[in-house]
Amino acid sequence: MKVLFAIAEAAPFVTSGGLGEIGGSLPKALAQKGVDVRVAMPKYSTIAQSLLDKAELVFELKVAVGWRSQYCAVFSLVRDGVTYYFFENDYYFHRDGMYGYYDEAERFAFFCRAVMDALPGLGFVPDVIHCHDWQTALIPILLNNGYQYDPFYTDVKSVFTIHNVKYQGVFPMSIVGNVAGLAMSHDLWEKIEFFDVVNLMKGAVYYAQRVTTVSPTYAREILDPYFGEKLDGVLRANEHKLTGIVNGIDEELYDPVTDPYIFTRFRNSHKLKTENKVKLAEMLGLPVQGLALVPEVESAAPIAEREVPEIVQAGATREASEVVQAAREVPEAARRTPLLAIVTRFVENKGIDLVMRVFHDLMREDLQLVVLGSGEWHYEQFFSAMAGMYPEKFSLYLGYTVELAHRIYAAADMLLMPSRFEPCGISQMIAMRYGTVPVVRETGGLKDTVQPYNQFTGEGNGFGFANYNAHELLDTVRRAVGVYKDATAWRKLFRNALATDFSWDASAEKYVELYRSTVDS
């Protein structure tokens with residue numbers, strides 16, 4: 001089986017989130033199953049040169065972009081058993097970021113055309129071209145509008161994956177000839193026209209042999225107008241070829257035993273996880289008293305008074321005598337303060353509005369909150385104001401660093417993901433890899449990967465709430481905090497989260513089966 005991944009980003013070269021994570025980890029898992037998988041992606045100037053030191057120039061070609069002829073160089077690099085092809089054009093890809101430019105349609109039309117035109121020169125005839133999101137949606141359209149007459153492409157099939165139906169590649173109708181270089185026909189018009197403009201995702205859904213999404217629940221949700229972003233009718237018409245396959249994560253990259261970013265490496269020890277928690281609190285300037293008094297996994301016995309002064313030395317704000325007195329007088333359960341984390345982009349669909357609505361109520365609970373992210377201005381302004389109002393309860397880092405993200409995953413007791421919609425989500429899976437319990441809204445991949453905790457059976461790996469409602473979020477956090485106070489119950493949850501399998505093995509096997517059925521169709 002020969003598969004070409006056409007994708008806009010792939011870790012570790014460049015990534016903005018889940019799409020890049022999949023571009024880096026799924027091909028590796030497919031290669032381990034014997035698939036000859038190769039990845040085609042743009043050669044962005046933001047890719048670290050150290051990652052491209054061993055890349056070799058394969059050949060150069062001219063690519064037609066509408067009436068223009070553009071230069072392209074193709075480089076190749078083998079990594080983890082996967083061949084990567086990087087498509088270079090400085091005019092389109094030598095920019096500060098991957099997305100957000102006025103000529104997005106032209107940039108990625110060039111990339112799609114370049115991929116198609118380069119295949120004969122690469123000597124690689126894929127059985128399937130697996131295209132991801134609107135940036136590569138033109139490829140299934142091209143395969144059925146011109147390239148099908150070339151014998152080289154006769155048996156090439158296409159699979160199109162929707163990572164987020166909200167971003168569809170909607171552009172003026174003029175791009176059809178001027179950018180995509182397509183001659184308009186009645187069939188093409190019917191399949192790409194969308195309220196008098198072009199919708200590339202719509203075209204890919206119609207022309208691809210198979211369509212997938214990144215979780216089974218999301219595959220069902222997008223058939224509904226609430227989630228379908230006006231494309232639900234098209235998706236219902238093509239439901240017969242729609243499949244949901246949940247994403248996995250790279251378990252080598254996210255491994256608390258070997259992670260180079262975290263303070264203290266650990267396997268199953270809640271004691272060592274707590275060391276990460278205390279050190280993160282110290283780094284962020286949060287009080288560590290309640291955090292450091294969490295009992296170890298190996299023993300639920302109260303911590304001896306002799307340990308309390310060490311906690312004071314680690315950075316608590318009270319005097320040693322006061323802390324010792326508190327240790328004598330306060331029941332152990334009340335001294336257990338959970339660390340709640342949010343690692344996300346500040347956009348509306350991530351449920352930030354729900355958090356804002358009940359933020360002051362959250363701060364009244366016995367918890368600390370750490371937020372890592374950036375995005376829309378009004379969300380950043382709100383969190384910045386709250387950081388000033390609650391300096392001993394809340395820490396904010398505007399932006400994103402891999403090191404801090406890993407440290408938060410390793411240190412936090414809970415990860416909050418109250419998304420309005422979430423096609424799959426990887427943060428909840430990464431969190432559980434570190435024994436951090438997710439608190440999620442039950443939508444999309446969050447519903448598929450987080451099993452609600454059952455206090456009677458001890459089953460489950462997280463907490464969930466059904467409706468997009470701020471007070472349901474608050475009640476669920478309160479319930480999680482209550483369970484956290486029960487050391488025995490929380491140890492069970494901690495172990496359940498760690499034991500959950502989010503490797504790519506099962507999902508990769510489903511993709512292999514999908515490819516086979518596509519070739520045989």
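The values are calculated or read from the model by the stated rules, or taken from the named source; none is laboratory data. Here the structure is a predicted model, which means the values were calculated and not measured. Neighbour counts run over all protein chains shown; Cβ positions are idealised from the backbone, glycine included. With ligands, DNA and RNA removed, areas are computed over all heavy atoms of the protein, side chains included. Shrake-Rupley method; radii C 1.70, N 1.55, O 1.52, S 1.80 Å.
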With all protein chains in place and a 1.4 Å probe, residue 186 shows an accessible area in Å² (nearest 10) of 130
Enumerate the whole-percent occupancy of each 10 Å bin, from 0 to the last occupied one, for all C-alpha pair distances of the stretch 106-241. 12, 46, 33, 9, 0
Cα long-axis angle, helix 470-484 against the chain (0 to 90 degrees, to the nearest 10): 50
Measure out, as a whole number of angstrom, how far apart the alpha-carbon centroids of the stretch 222-237 and the stretch 24-59 sit. 33
Per-selection metrics, the stretch 1-111 (Cα): Rg and Dmax in Å: 13.9, 42
Between residue 389 and residue 466, what FRET efficiency follows from the Cβ-Cβ distance if R0 is 25 Å, with the result rounded to 0.05? 0.20
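Can you check what the net charge comes to around residue 504, using other residues whose Cβ is under 11 Å from the Cβ of residue 504 (Lys, Arg +1; Asp, Glu -1)?
Details: positive: 28, 33, 510; negative: 21, 250, 251, 252, 501, 505, 509.
The answer is -4.
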How much of residue 224 can a 1.4 Å solvent probe reach, expressed as accessible area in Å² and rounded to 10? 70
Could you compute the FRET efficiency for residue 238 and residue 356, with r as their C-beta to C-beta distance and R0 at 30 Å, rounded to 0.05? 0.20
Hypothetical label at residue 230: residues of the stretch 185-223 whose amide nitrogen lies under 14 Å (7 Å Cα-Cβ projection): 193-202
If one compares the long axis through the Cα atoms of helix 104-122 with the longest principal axis of the Cα atoms of the chain, the angle in degrees, nearest 10, works out at 70
At the level of C-alpha centres, the distance separating the stretch 405-457 and the stretch 106-135, in angstrom, is 35
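Sorted by mean Cβ packing within 10 Å, highest first, what order do the peptides 251-261, 367-377 take? Please list the in-between numbers first.
Details: 251-261: 14.5, 367-377: 19.4.
By packing density, highest mean first, the sequence is 367-377, 251-261.
Using heavy-atom solvent-accessible surface (probe 1.4 Å) with all chains present, what is the largest-first order of 2, 230? Write down the numbers at each step before the final one.
Working: 2 75, 230 150 Å².
Listed by decreasing accessible area, they come as 230, 2.
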Solvent-accessible surface ranking, highest first, for 235, 498 at 1.4 angstrom: 498, 235
Accessible area of residue 505, 1.4 Å probe, to the nearest 10 Å²? 90
Which lysines have a Cα less than 25 Å from the Cα of residue 62, not counting those fewer than 8 places away in the same chain? 43, 54, 157
Descending packing, highest mean Cβ count within 10 Å first, for 46-54, 353-361 is 353-361, 46-54
Amide H of residue 346 versus every other amide H placed in the peptide plane: which residues, excluding those fewer than 5 positions away on the same chain, fall under 5 Å? 374, 375, 376
Tell me the angle of helix 505-520 to the major Cα principal axis of the chain, expressed in degrees between 0 and 90 and rounded to the nearest ten. 20
Probe radius 1.4 Å, ligands and nucleic acids left out: which of 239, 229 has the largest accessible area, and how do the rest follow? 239, 229
